[in-house]
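Written below as structure tokens is the structure these notes are about.
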Amino acid sequence: PALMSNPPTTPLKTFLLKADKFARPHEESGTNSVVGGFCSLSTYLLLVIYLVVYVTSNLNQSFPTTTTIQVFPQKNSAEQINLPKITCLAEGGCWYKPTKGEGVRRVLNDTPENPPINDGENNGGNPPPNNDNNGGDNGGNPPPKNDNNGGDNGGNPPPPNNDGTPGGNDNNVNTGAGDDNACYYLKQGEAIPEDHRLIVHDSDPIDSFTAVWGDGQNFGLSYDVTTIKKAGLTLQTETIKGRTSLTEPFEGPLFQVYKGETLFSLVKTVGVNGEEVDTWTNTVMGEDGTADAEQNTCCNAPTTKNPATGETYSEAAYILSTGTGTSRCDENAQDGVYQVKIRPFPTYSKEEVQNPLDPITLWAALGGALATLDLAAGFLVQNVFGKFTGANEGGTAAVTQVGGGG
């Protein structure tokens, strides 16, 4: 007689047999194995471990970035870019005029809080208030009477920012491009305010950001440089502060502006949360620091302004004009000055940080990892462990023939 022996079955073994995803197709019944079930469950455990390692490693290092080349904003561009914090180094102070141009000013003022300056052009049928003597297109409505000197305005005083007098009410003017005719003065160690550091690329060099200082030193300005230390979920930065005088002890890299012409280059980094960091560096393009007495507003300005308080200076120490038709900017002036023109490079690099932890990227990474784990585990089950354990470990009874036939 033949004796039939069935291997013992436990709940754990039954569970593993059912969990085996590496068994052959259903028509080949009995190919489930304990090893296959164990490897099947192990792939999910390893996937969780991979997820932890993937997230941790990405959080501990900088995220990848993509780099594109962008055209630097022009006068009428919606995008606005500011120079870095710039500090005056000169002992006698610095004079500067922000980037010049009506186009820049209009961009700055075209906001709900700061309506566009009314220049008498294309006002949709509404006459400009009290200050249009240029015959602009007012939709058939002539401008009200106005003599630009505070005269008869029909009993209506001139509105802010439009009274035709120099340096009028600045309530609606962003001083970043502000008064084209204003010259601003900084004492040594003072910094140019942010809204004066707007810069655009323009083909006309006259409209450049220009600064002047005493000719006793070649360097008149310093600036801060902000670099990216780590680009993750947030941008971790380090800022190298510019020095405030040439005599102070200073260690580390020096970022200073030399007389003549300087080209500023920009690398803009955009984080995954939209945060932006500008990294600026400069290159000297020309060493001739001769001041342009004819084109530089500061050379003959009778007064200067404090950019922080708006206070007006007329004392000799704060102005460059030395009398009728003479200036410290003149070539043979006894107490001369140096000038620098700052222009941006026509293009800049934009680095956008890519988030390897966003749902789509994470899903793709996990899918690839699971496929790789399944491939490795399937190879082990079918080609390695199968040779030692047998293919029908769990379903077909082992038959042992005892005795003779008959």
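The values are calculated or read from the model by the stated rules, or taken from the named source; none is laboratory data. Nothing here was measured: the structure is a model prediction, and the numbers come from that model. Neighbour counts are summed over all protein chains in view; Cβ atoms, including those assigned to glycine, are modelled from backbone coordinates with ideal geometry. For accessibility, only protein heavy atoms count, side chains too; no ligands or nucleic acids. Shrake-Rupley method; radii C 1.70, N 1.55, O 1.52, S 1.80 Å.
Remark: pairs (first residue in the stretch 259-280, under 20 Å from Thr239 (Cα atoms) and touching a residue at least 60 places away in the same chain (Cβ under 8 Å); second residue open to solvent by less than 50 Å² (accessible area, probe 1.4 Å) and small (Gly, Ala, Ser); Cβ separation under 6 Å; 6+ apart in sequence or on different chains) = Val267/Ser349. Flag not set for Leu254, criterion: out of contact with any His (no Cβ under 7 Å at 6 or more places or on another chain) and either of a type in the set (Asp, Glu) or under 20 Å from Ile81 (Cα atoms) (or both). If you go through the stretch 282-293 one residue at a time, do you hit one that is without any contact (Cβ under 8 Å) to a residue 24 or more places away in the chain and either under 21 Å from Ile199 (Cβ atoms) or in contact with a strand residue (DSSP E or B) (Cβ under 8 Å, 6 or more places away or on another chain) (or both)? Yes - at least one qualifying residue is present in the stretch 282-293. Of all residues being among the charged types (D, E, K, R), at pLDDT 50 or above and in a loop (DSSP other than H, G, I, E, B) in the stretch 67-125, which is farthest from Ala317 (Cα to Cα)? Just the residue, please. Step by step, filter the stretch 67-125, then rank; the result is Glu79.
Number of residues in the stretch 351-369 that are open to solvent by 50 Å² or more (accessible area, probe 1.4 Å) and either in contact (Cβ under 8 Å) with a residue 24 or more places away in the chain or aliphatic (A, V, I, L, M) (or both): the value is 5. For the stretch 309-337, a residue qualifies if it is part of a strand (DSSP E or B), open to solvent by 50 Å² or more (accessible area, probe 1.4 Å) and either within 20 Å of Phe219 (Cα to Cα) or at pLDDT 90 or above (or both), and exactly one does: Thr312. Among the residues making up the stretch 193-252, those that are at pLDDT below 90 and over 30 Å from Cys299 (Cβ atoms) are Pro249, Phe250, Glu251, Gly252.
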